[in-house]
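Heads up, the thing below is written out as structure tokens.
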Amino acid sequence: METPYWDEQMETLAPEQLKDLQLERLKDLVAYAFKHNPGYKKRFATAGVKPRDIKKLEDLAKLPFLTKDDLRRYYPYGLVCVPMSEIHYIHASSGTTGKPVVAAYTQKDLDNWADLMARSLWAGGLRTGDILHNAYGYGLFTGAHGHELGANRIGTTVIPMGAGNTRRQLAIMQDFGATALAATPSYTLYVAEVAKGLGLDPKKDFRIRLGFLGAEAWSDELKSKIEETWEMKTCEQYGLTEVIGPGVSFDCGMGDGLHINADHFLTEVVDPKTGAPLPPGERGELVFTTLMKEAFPVIRFRTRDLAVLTEERCDCGRSLPRHSRILGRADDMIKVKGVILFPRQIEEAIMRVAGTSENYQIIKEQTVPLTTLRVLVEPTAQRFAAGKLDELAKRISQEIYTMLSVHVTVEVVSPGSIPRSEGKAKRVTEAE
Ligand code: ZN
């Protein structure tokens with residue numbers, strides 16, 4: 001019988017054994033970084049910590065956090081722990097808000113990455129015989145390569161499509177008989193919108209049955225809509241360039257959080273403001289330490305992504321700890337009249353109202369001393385044609401108030417008027 005696990009031993013390891021393994025690997029990692037990188041050595045010295053001070057997992061907290069700004073200061077190779085001749089691959093974050101973060105990989109790092117991605121994709125149901133249409137942007141971004149490595153490891157056929165040119169994407173997807181799609185959630189729905197515009201039915205005219213989606217915080221409502229539109233099962237893939245790329249955690253299909261590949265990534269949840277550790281079950285910022293990376297290990301990297309951690313056993317049989325789906329980035333947090341909210345929550349409220357679409361935009365208006373929000377929403381073409389758009393706007397505004405206790409101005413705009421993205425959707429803009 002086919003096993004539901006790619007790596008049964010690691011995926012079902014008893015929690016105490018997992019912790020022993022993590023500790024052993026953490027000790028090795030700290031000694032390794034101390035020995036092979038002057039930057040880390042200095043950081044540890046400043047914190048007054050020596051590798052031998054790491055005796056139990058909790059001792060990790062003695063080491064300093066590593067922030068994205070720290071990483072920029074080490075640009076490009078400041079935290080690399082191997083000679084350049086051993087680096088076989090380089091990726092980088094998009095760098096839209098400053099210098100990019102450079103992620104370097106040895107051959108062993110690439111092998112491990114392939115294995116972790118295979119684990120993640122396998123859990124979602126990808127198999128030999130599937131054809132994966134990879135619509136993540138190839139290039140420095142980790143998304144496309146991570147999925148390709150994992151699919152190759154399983155033995156799945158890969159279409160290295162890359163981002164852009166949606167009509168061509170559709171033709172290739174259809175002609176090549178793709179059965180699985182790797183893309184951002186927003187792009188997955190946009191592709192369906194373009195298909196419908198061409199008179200195609202995403203359910204009937206394509207063979208896509210699986211979607212490996214990630215790189216954005218998306219609501220359960222958006223997930224249901226994607227699954228319904230394409231008649232596909234979606235599995236969220238989570239990761240960050242700084243940590244390894246996708247492959248940090250994955251959706252096992254039980255719909256109750258993402259399993260962390262905890263034999264490779266040690267996870268903490270901390271208060272996003274103070275950095276104080278939070279117990280399982282409390283919402284906070286995810287912090288990762290890579291236990292196995294050679295070229296570019298990160299120790300206590302602050303992701304700014306907010307989630308809840310749980311060590312409870314999952315019905316899928318995996319013992320790997322889980323984090324909830326990402327609520328949002330701490331940086332995307334919007335404070336309106338004392339209420340803290342995230343774009344994903346507004347998305348959820350909008351999509352609960354009949355006649356709306358997944359296309360919306362939040363405009364932040366800074367009117368000292370308060371921030372106010374204006375939300376633009378596209379209705380479905382049918383709802384738009386039916387008129388009485390003021391009523392729809394009112395309904396959406398009420399739903400947002402019911403869910404979030406915040407009054408926002410909602411404007412219903414014509415279908416197709418909000419810019420689409422071929423990669424990560426930009427949901428929030430500042431008013432000019
Ligand atoms: Zn599970």
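Of everything in segment 6-27, what is assigned to a helix (DSSP H, G or I) and in contact (Cβ under 8 Å) with a residue 60 or more places away in the chain? Give them in sequence order. Once the filter is applied, which keeps residues that are assigned to a helix (DSSP H, G or I) and in contact (Cβ under 8 Å) with a residue 60 or more places away in the chain, segment 6-27 yields M10, E11, P15, L18, L21, Q22, R25, L26.
R344 satisfies every condition listed in (1) over 15 Å from E411 (Cβ atoms); (2) surrounded by fewer than 20 Cβ atoms within 10 Å (Cβ to Cβ); (3) touching a strand residue (DSSP E or B) at 6+ places or on another chain (Cβ under 7 Å) except (2). What do you reckon, is E294 in the same structural domain as D69 (by TED's automatic domain parsing), outside any strand (DSSP E or B), in contact (Cβ under 8 Å) with a residue 12 or more places away in the chain and away from the ligand (no atom under 16 Å from the Cβ)? Against the criterion (in the same structural domain as D69 (by TED's automatic domain parsing), outside any strand (DSSP E or B), in contact (Cβ under 8 Å) with a residue 12 or more places away in the chain and away from the ligand (no atom under 16 Å from the Cβ)), E294 qualifies. Going through (1) touching a Cys at 6+ places or on another chain (Cβ under 7 Å); (2) open to solvent by 10 Å² or more (accessible area, probe 1.4 Å); (3) not small (G, A, S) one by one, P297 falls short only on (2). Kindly check whether there is at least one residue in segment 239-256 that is more than 16 Å from the ligand (Cβ to nearest atom) and free of Cβ contacts under 8 Å to residues at least 40 places away in the same chain. Checking segment 239-256: not a single residue is more than 16 Å from the ligand (Cβ to nearest atom) and free of Cβ contacts under 8 Å to residues at least 40 places away in the same chain. Helices (runs of 4 or more DSSP H) fully within segment 53-158 that include at least 3 residues being under 18 Å from C235 (Cα atoms): 107-124, 142-154.
Residue by residue, here is whether (1) at pLDDT 95 or above; (2) open to solvent by 10 Å² or more (accessible area, probe 1.4 Å); (3) more than 16 Å from the ligand (Cβ to nearest atom); (4) touching a Cys at 6+ places or on another chain (Cβ under 6 Å) holds:
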| site | (1), (2), (3), (4) |
| --- | --- |
| P160 | yes, yes, yes, no |
| D201 | yes, yes, yes, no |
| L210 | yes, no, yes, no |
| D220 | no, yes, yes, no |
| E227 | yes, yes, yes, no |
| H259 | yes, no, no, yes |
| H264 | yes, yes, yes, no |
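The values are calculated or read from the model by the stated rules, or taken from the named source; none is laboratory data. From a predicted model like this one, the values you see are computed outputs, not experimental measurements. All Cβ positions, glycine included, derive from the backbone under ideal geometry; neighbour counts span all protein chains shown. SASA here: full protein model, heavy atoms, side chains in, ligands and nucleic acids out. Shrake-Rupley method; radii C 1.70, N 1.55, O 1.52, S 1.80 Å.
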